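See structure below.
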């Protein structure tokens, strides 16, 4: 490609915002932790290895009867509040949170993927920064 010789209307996406095609048969609820699976399609987070966190769903997406890519999901990164599997405490602040399910994080890495960095721990849950 050659360098610009005139103005160009460059598309822009808000920082921390993603739009991904949804996996076949996936149902993603608004507020769910969303990951990319091994075939690079979005699905609700589960305790499994090899998943890549994309963010938290800003709206629901129901692809329960569709093929891979029939539908999209919008996600946001940043600090989000999740349920605590019961093993995360203030000593974990700054450490990695791991996925327990699409609304719960744990301090245990075995059999799971990283969700993000633990920012704070409250009585009812855990603040996790997803980047």
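Before moving on, here are some points about what is shown:
- Debye log10 I(q)/I(0) for region 79-130, one point scatterer per Cα, at q = 0.16, 0.17, 0.30 Å⁻¹: -0.32, -0.36, -1.26
- Stretchable slack from residue 7 to residue 124, in nm (0.36 nm times residue separation minus alpha-carbon distance): 37.0 nm
Throughout, read-outs are computed from the coordinates displayed, never taken from laboratory work. This structure is a prediction, so every number in the text was calculated from the model and none was measured.
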